[in-house]
Amino acid sequence: MGANHHKISCIADELVRWIRDDYLQIIHVHSRTIGLWSKELLACMTQLIAFAVVLWCPIGQNKVLINALFVAEQSIYDHIEDLMRIIDYKPFHKEMKPVRSNDETSIIDAALMILMVIVRTQNVSWFFRSNVSIQNALTTLAEAALYDEICLHIYGILSEVLSDEQFKNLKIADSMGGFFFNMLEQAWQHPLKKYKHSQIEHLLRGFFNLSKHDFIQQETANMKKISLFIEMSEQYPIVYDIIWALSFNHDIQQQLRSNPSFIQKLSQLAKESDDEQVRKTTHGILWNLEIDHQDRSISQSTKQNTFDIMISYSHKEKVLCKQLYDELTKSGYRVWIDFDQMHGN
């Protein structure tokens, strides 16, 4: 299995390098003449960007392959601007459908997926934060979109790149929580665990991107939705990551503490889960609730698994946090920093 995965990665790497220049050049040239596109050219451009999605999105966390696409730093920003010309083309907005049933909807959806890969793997937050026109274009599209997947992509992109202050000041900020909770609740009640064409796992990953923001945490607390996540945690381990992020909020902490059976479950998972990531996240939740400080019986190896400091951070600051970690450990502090699952606020 490992050998096959390596072979596929090698083939993908060769393919990326083979089509890279042509792909970037075609998008760059034709995005500037989008008003002249025929229906046939629109179909071809849609297929090209959709092919790029198939090639890069499943391996979007592999920075080696993404870096193979962008040999120069400037090419990253150029490609973002090229994609934004397509995404922000108003005649396409008028033709958008509630499902991906025409080229206009499909090309916008595919271009947003490429943008999502870029913001998750490249250090481009400053570019989005300093470019108000891009923020406004994405916000306007989210307001107009009939296709929920487009909104999901936009919320995911903006939550990755904007500061908490910028994010909560967006025109669409007030509707984000309700948007996700409505979809999650309907998907949870659906026999196939999906909302329209979106699987619940996809929706949970989308909400996880939002959960690091303070105002989303507070909205979750105000709407008393933590019980929904507690219920879903039995089937979907990513929910523990969401609850961990939410548990930085004081009101969420109070709501969690009022559920002793869930606290007991967390304590048990922190000791006994076979999933290392679940052990880490449940331990993180208990740490935020100060349960782990009060009950040293969580693990027989408490001295090994108890820490003076926990650092939670975003993947874009990994190098800085590693330096901080090294300095603190040199000074004798016991520091827990999760280099495998990088997130936080």
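The values are calculated or read from the model by the stated rules, or taken from the named source; none is laboratory data. Keep in mind that what you see is a predicted model, and the values were worked out from it rather than measured. Backbone-built Cβ (ideal geometry, glycine too); neighbour counts: all protein chains shown.
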What helices (runs of 4 or more DSSP H) completely inside region 90-206 contain at least 3 residues that are touching a helix residue (DSSP H, G or I) at 6+ places or on another chain (Cβ under 7 Å) and crowded, with 21+ Cβ neighbours inside 10 Å? 103-121, 132-144, 148-161, 173-189
Just wondering, is there one or more residues in region 289-299 that are modelled with pLDDT of 90 or more, hydrophobic (A, V, I, L, M, F, W, C) and either surrounded by fewer than 12 Cβ atoms within 10 Å (Cβ to Cβ) or farther than 19 Å from Glu231 by Cβ (or both)? no
Asn67 vs. criteria polar (S, T, N, Q), at pLDDT below 90 and either in a helix (DSSP H, G or I) or more than 27 Å from Lys212 (Cα to Cα) (or both): yes
Residues of region 229-279 classified as among the small types (Gly, Ala, Ser), assigned to a helix (DSSP H, G or I) and surrounded by 21 or more Cβ atoms within 10 Å (Cβ to Cβ), total: 2
